[in-house]
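What follows is a short report on a single structure.
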Amino acid sequence: MPPREACKRLGINFITLKRWIYSGKIGAVKTPTGRWMIPENEIERIISGKVEDKEVRAIIYTCVSSSDQKSDLE
């Protein structure tokens, strides 16, 4: 399948897909015209969770406009 469809199915960005291809995390085939194609079984393998993903981290930043509102942060 084309990279755009693979990205939609996996819920990732094209740059992420490209990194996965170059690192070997996902198998892809380069056509004679130079386009990447991702086999359906590779998409299913990733979706089924057979590949360990990195830990997801999030940072939340909050602020208040005055010290009177400091209790609002809790």
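The values are calculated or read from the model by the stated rules, or taken from the named source; none is laboratory data. Source: prediction; values computed, not measured. Please note: Cβ atoms are built from the backbone with ideal geometry, for glycine as well, and neighbour counts cover all protein chains shown.
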| When region 1-52 is examined, which residues are found to be assigned to a loop (DSSP other than H, G, I, E, B) and of a type in the set (G, A, S)? | G11, G24, G27, A28, G34, S48, G49
| task | Go through region 32-41 and give me each residue that's exposed (fewer than 10 other Cβ atoms within 10 Å of the Cβ) and either of a type in the set (A, V, I, L, M, F, W, C) or within 15 Å of E5 (Cβ to Cβ) (or both). | result | N41
| Residue pairs meeting the criteria (Cβ under 6 Å; at least 6 apart or on separate chains; first free of Cβ contacts under 8 Å to residues at least 24 places away in the same chain and within 12 Å of I46 (Cα to Cα), in region 9-28; second of a type in the set (A, V, I, L, M) and surrounded by 15 or more Cβ atoms within 10 Å (Cβ to Cβ)) | W20/I26
| message | Scan region 54-74 and tell me whether some residue there is at pLDDT below 85 and aromatic (F, W, Y). | response | yes
